Amino acid sequence: MPSKPKYRQYMAGLLAPPYGVMETGSNNDSKWKLGTFCIEKFVTPLIEPHVPLRPANTITKVPSEKILRAGKILRNAILSRAPHMIRDRKYHLKTYRQCCVGTELVDWMLQQTPCVHSRTQAVGMWQVLVEDGVLNHVDQEHHFQDKYLFYRFLDDEHEDAPLPTEEEKKECDEELQDTLLLLSQMGPDAHMRMILRKPPGQRTVDDLEIIYEELLHIKALSHLSTTVKRELAGVLIFESHAKGGTVLFNQGEEGTSWYIILKGSVNVVIYGKGVVCTLHEGDDFGKLALVNDAPRAASIVDKEDFNRILRDVEANTVRLKEHDQDVLVLEKVPAGNRASNQGNSQPQQKYTVMSGTPEKILEHFLETIRLEPALNEATESVLNDFVMMHCVFMPNTQLCPALMAQYPFVPSQGTEQEKMDYALNNKRRVIRLVLQWAAMYGDVLQEDDVAMAFLEEFYVSVSDDARMIAALKEQLPELEKTLLLFLFPQHKVLLQQFNTGDERSQKRQPIRGSDEVLFKVYCMDHTYTTIRVPVAASVKEVLSAVADKLGSGEGLIIVKMSSGGEKVVLKPNDVSVFTTLTINGRLFACPREQFDSLTPLPEQEGPTVGTVGTFELMSSKDLAYQMTIYDWELFNCVHELELIYHTFGRHHFKKTTANLDLFLRRFNEIQFWVVTEICLCSQPSKRVQLLKKFIKIAAHCKEYKNLNSFFAIVMGLSNVAVSRLALTWEKLPSKFKKFYAEFESLMDPSRNHRAYRLTVAKLDPPLIPFMPLLIKDMTFTHEGNKTFIDSLVNFEKMRMIANTARTVRYCRSQPFNPDAAQANKNHQDVRSYVRQLNVIDNQRTLSQMSHRLEPRRP
């Protein structure tokens, strides 16, 4: 039976961040601060033949029962499967009794389970045992290392430690996978604590990168630049307070440190008022605080270090001013091109845009475009951030006139030849930017009259110049090709109720805002009228279309109704509302006074009979394959800009995010499909077979690199309506329980979903990512950073969001080539089934069905 609670909340708020920062003062003499731990090394003369066994000086004074058990299971497993790993070791004339080698322990861990994805992850898992003193370095170092260093299990600290009995070996075989899963979940936290306990000067490049990645997801640091966060990674230290009631500092004392809470909670006490609030992971507070709960741990930044970092950053900042006001802020950073630095003792530097007015940011990028072919890739990478994100701060109504004005620009100073050279290169740079802009926006530009008019005018200007300037003739054919593509747009498509399971044989085309949709809008008495409007239509336009059909629209409102009866009145400026409905959601139109009387349609309840009789005859691999083909079609239609519109609010752009909406809805559809089929299955034996079937389908989805459906299925199985079916899970074979446990470990949200990110990092494209997490990352960056700072565009924020959105491009950078063996089969029945799933999406209904299948035990 799965252990579920934290995973059931996985989608709540699109994966809320697991921790945050508190800003406090601290006593620098605190006995728990890193560097003042009492670490005792045992030193012996070189001539001593044996190093005696001494009790380890551990971080945790009393190991927990579950970690003690985990250590015993791992020791017994090693003695059973690889007994040579635990033996006496000789080094520098000394003999160390019954030891393992760090590198061998990591190698062994990687061989035991697929839920361990890297050596770094294995190091974190062993660190869990080191922290509790269940595994100890022979010289009592407090961090585990993947090196030729000696470690000893706690049981081997005693002379003549017994070997495992046959009964213990059997228990070990049964519990090993669960033990490894437990350690894989605890490992990231332990690994982070290990890194933070190291003195800053001893941290490796990998250590600093891991800390930096954590800082990216801390809300209280989100306003800081990338450079500041990287510098902070080098000065953070670790502090722990295991005793409840410990006072960090008192009211009125000067704060000298910045605390980042990793675990625990804090009571804020103000004299005369008592406890004013209790803060937890993810909270931050000011300078008046009293620590009261235990256990707790924090990373801290010394105030002097932080101020030094800010001074260093400001020293590398260049500010361009006009009329005594900043109009462009640049930061000097290392160029990052190692090859270009060879043979040059001075590292190369470059300037990145931190903030500025839209016009000055545009001018800067035009100035820095490199026209040499060898530098095209670097130039395009820099330009891409601006091209992708300009819609947020410089819409086409502002960008197009600015580009048109920049194209003929001639400087006022210099010789005539210098002016001519500058003017020519400037024209080439503007052309280059326009081509990249058009390539990025693609069909989206066809729906923008301002953009189309600009492209035609721009083409005429370049054509005229090309007759006299030979250098421009090279770029003219590409510009002509771009313009011809936009001058002959595709015909509008008429969509029927957004039927995502459309059985058309031709390649699926992306939905555009100008495409029209036939949609049913219901009335209070459950009658309906069918309207025909553009996909991107606003609620105001929908109301107008409904009024035309009904003969009167006075006082009407448009309401979204879920299958559970939840109602939301849509605002007149909301756009593309059809694709934002829940799976079984419907649109209603009614006078405002009838709002409370609206009820869901009977059809919104979903099916009453499962389809297990149909799909149990289908191969799990065939189902996963056809699901992947369909999911790829949906994913491939999502435009990168839809992610931007979704993050900042589609109503600000009056653009549709229909393709992204349908892809996200598909995730929910698959999740509820799993829950629906299991809850509609009344026979216990059939339910067990269904569990096995879904676990096998998930495994094949993972094999096909369809992580979106993989996670949807796993989350469906962890839904409370399924996970509570204890009698059903008890009958599931242990092999499938282990598979499911491994799948659940990939969903572990700790350390910012590190398990998932490690898995994805090892995959090559094409792949279908877990889209809700990508959306969560962009939302976190957006909500944690202001779009404008002192009336200047916060371009650091634009860069971070663009970098996340480019994940979609990477996943699709290689074409999806279906499995040849699968493609040759006739899968029409399977294909039709996976594209037309009929589900119950009302969690209350599903929970009630679950309790009827297995009533709550007394």
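No value in this document is a laboratory result; all are computed from the given coordinates. Everything numeric here is computed off the predicted structure, so don't read it as measured data. Virtual Cβ from ideal backbone geometry, glycine too; neighbours counted across all protein chains shown.
Key figures for this structure:
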item: Pair ARG844, ARG308: separation of 7 Å Cα→Cβ label points (nm); result: 6.0 nm
item: Amide hydrogen neighbours beyond the local backbone of ILE558, cut-off 5 Å, H modeled; result: LEU570
item: R0 of 35 Å, Cβ-Cβ distance LYS654-GLU380: FRET efficiency to nearest 0.05; result: 0.75
item: Charge sum, other residues only, whose C-beta stays under 15 Å from VAL327's C-beta, Lys/Arg counted +1 and Asp/Glu -1; result: -4
item: Chain lengthening between ALA439 and LYS321 when straightened (0.36 nm per residue, less Cα-Cα); result: 39.1 nm
item: Local electrostatic count, LEU366, Cβ distance below 12 Å [Lys/Arg +1, Asp/Glu -1]; result: +3
item: Rough spin-label spacing in nm, given labels placed 7 Å along Cα→Cβ, for ARG852 and ARG370; result: 6.8 nm
item: For the range 579-605 and the range 169-227, distance of Cα centres in Å; result: 46 Å
item: Approximate spin-label separation ARG467-THR530, in nm, with each point projected 7 Å along Cα-to-Cβ; result: 5.4 nm
item: Förster-model FRET efficiency, 30 Å R0, GLN111 and ASP819, C-beta, rounded to 0.05; result: 0.60
item: Qualifying aspartates and glutamates (Cα of each under 17 Å from Cα of LYS692; at least 8 residues distant if same chain); result: GLU616, ASP622, GLU677, GLU703, GLU730, GLU742, GLU744
item: Residue-wise HN-Hα coupling along the range 683-698, computed from phi with Karplus coefficients 6.51, -1.76, 1.60 (Hz; x: Gly, Pro); result: 8, x, 5, 5, 5, 4, 4, 5, 4, 4, 4, 5, 5, 5, 4, 4
item: Links that overshoot a 22 Å alpha carbon limit, given the list LYS737/LYS762; LYS229/LYS776; LYS427/LYS481; LYS567/LYS786; LYS321/LYS350; LYS621/LYS693; result: LYS737/LYS762; LYS567/LYS786
item: Extended-chain gain in nm, criterion 0.36 nm per residue less alpha-carbon gap, GLU416 and PHE595; result: 57.2 nm
item: ARG809-GLU65 FRET efficiency (beta carbon distance; Förster radius 30 Å; 0.05 resolution); result: 0.05
item: Extension gain (nm, one decimal) between VAL247 and ASP173, 0.36 nm per residue minus Cα-Cα; result: 22.0 nm
item: Anchor LYS94: aspartates and glutamates whose Cα lies under 14 Å away (excluding residues fewer than 8 positions away in-chain); result: GLU48, ASP139
item: For CYS590, net neighbour charge (Lys/Arg +1, Asp/Glu -1) across residues whose Cβ lies under 15 Å away; result: +2
